[in-house]
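A.B. asks: Sharing a structure with you now.
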Amino acid sequence: MIITPAREDDLSTLLAFRREAAGWLSELGSDQWSRPYPADRLLATIQAGTVFMVRDGDLTAATITLTTTAEDGLWTDDELSEPSVFVNKLTVARTHAGANVGGRLLDWAGDRAYRAGAKWLRLDAWTTNEALQRYYLRQGFEHVRTVHEGGAVNGGPRVSGWLAQRATCSTMSRFTDAVPSPEPLRHWR
């Protein structure tokens, strides 16, 4: 498997990928990702160079988005003063479920963050998806806290506020890495 930056022509694949994941989650009783993700926002993240694809021949095995900015209202000012990379939209195709592709992708992300000079690999997960939270704990993340307020449209409860982090480190993901080396984090808040 090879990991590459996403290209603009991957947009339809990524949108279909997300619909597949939402359908699977719905079968499990979760409302996570039940609202379609805006194509223009996804295209902007592709154009920003923050979306990465794991390709297995002609198949898309997984995707992840890595940013150096957190969603508003989740992390404290003290936490935001620490160099961090944030994981978003980690998705593994059902065709590759159970093969530890997600774990390897998190290791790749942690190594990439480490090489950029980040201290933490951080994420926020769906507040009600306890299976996903347990998955991240098994992947070495530590739960920081759960933020319930101040998130959703019309002032409703935050749906993705389970915060976790793990220290970055050098590691081998066993992917063929076709992504340019990360830029060093030059300055941090």
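Quick note: the coordinates plus some simple rules give every number you see, no bench work behind them. Since this is a predicted model, take the numbers as computed values, not measurements. Positions of Cβ are generated from backbone atoms using ideal geometry, with glycine treated the same way; all protein chains shown enter the neighbour counts.
A.B. asks: Expected output is a single nm value to one decimal: the length gained when fully extending between Lys119 and Ala16, i.e. 0.36 nm times separation in residues minus the C-alpha distance. What is it?
C.D. replies: 33.7 nm
A.B. asks: Modelling each spin label as a point 7 Å along the Cα-to-Cβ direction, I'd like the Arg145/Cys169 distance in nm, to one decimal.
C.D. replies: 2.7
A.B. asks: Then there's this: Amide H to amide H, which residues 5 or more places from Ala6 or on other chains are under 5 Å from it, using H placed in the peptide plane?
C.D. replies: Val51, Phe52, Met53
A.B. asks: Quote the charge dipole size of region 57-149 about the Cα centre in Debye, to the nearest 20; the model charges only the Cβ of Lys and Arg (+1) and of Asp and Glu (-1).
C.D. replies: The calculated dipole for region 57-149 is roughly 500 debye.
A.B. asks: Same structure, new question: To the nearest 500 deg cm²/dmol, what mean residue ellipticity at 222 nm is calculated for the chain from DSSP H runs of n ≥ 4 alone, each contributing -39,500 (n - 2.57), summed and divided by the residues?
C.D. replies: So the helix-based figure for the chain works out to -9000 deg cm²/dmol.
A.B. asks: Compute a Gaussian network model of the chain, connecting alpha carbons closer than 10 Å, and tell me which residue from Ala113, Ala93, Ala131 fluctuates the most.
C.D. replies: Result: Ala131 has the largest fluctuation of those listed.
A.B. asks: Expressed in nm to one decimal, what extension gain is obtained for the pair Glu27 and Thr95 from 0.36 nm per residue of sequence separation less their Cα-Cα distance?
C.D. replies: Net length gain for the segment: 22.9 nm.
A.B. asks: How much net charge surrounds Thr168 when only other residues with a Cβ under 14 Å from its Cβ are counted (Lys, Arg +1; Asp, Glu -1)? Could you put the intermediate results ahead of the total?
C.D. replies: Working: positive: Arg112, Arg115, Lys119, Arg122, Arg166; negative: Glu82, Asp107, Asp111, Glu142.
Residues near Thr168 contribute +1 overall.
A.B. asks: Given an 8 Å cut-off on Cα distances and at least 6 residues of separation, report the relative contact order of the chain as a percent. Walk me through the intermediate numbers first.
C.D. replies: Values: 315 pairs, mean separation 43.1, N = 189.
About 23 percent, as a whole number.
A.B. asks: If you don't mind, another one. With charges set only on the Cβ (+1 for Lys and Arg, -1 for Asp and Glu), what does the dipole of the chain come to about its Cα centre, in debye to the nearest 20?
C.D. replies: The calculation lands at about 300 debye.
A.B. asks: Sequence-distant or interchain residues sharing an amide H contact under 5 Å with Val159, placed H: which?
C.D. replies: Correct list: Ala152.
A.B. asks: Once you list every other residue whose beta carbon is under 12 Å from the beta carbon of Ala99, what net charge do they have if Lys and Arg are +1 and Asp and Glu are -1?
C.D. replies: Overall, the nearby charge balance is +2.
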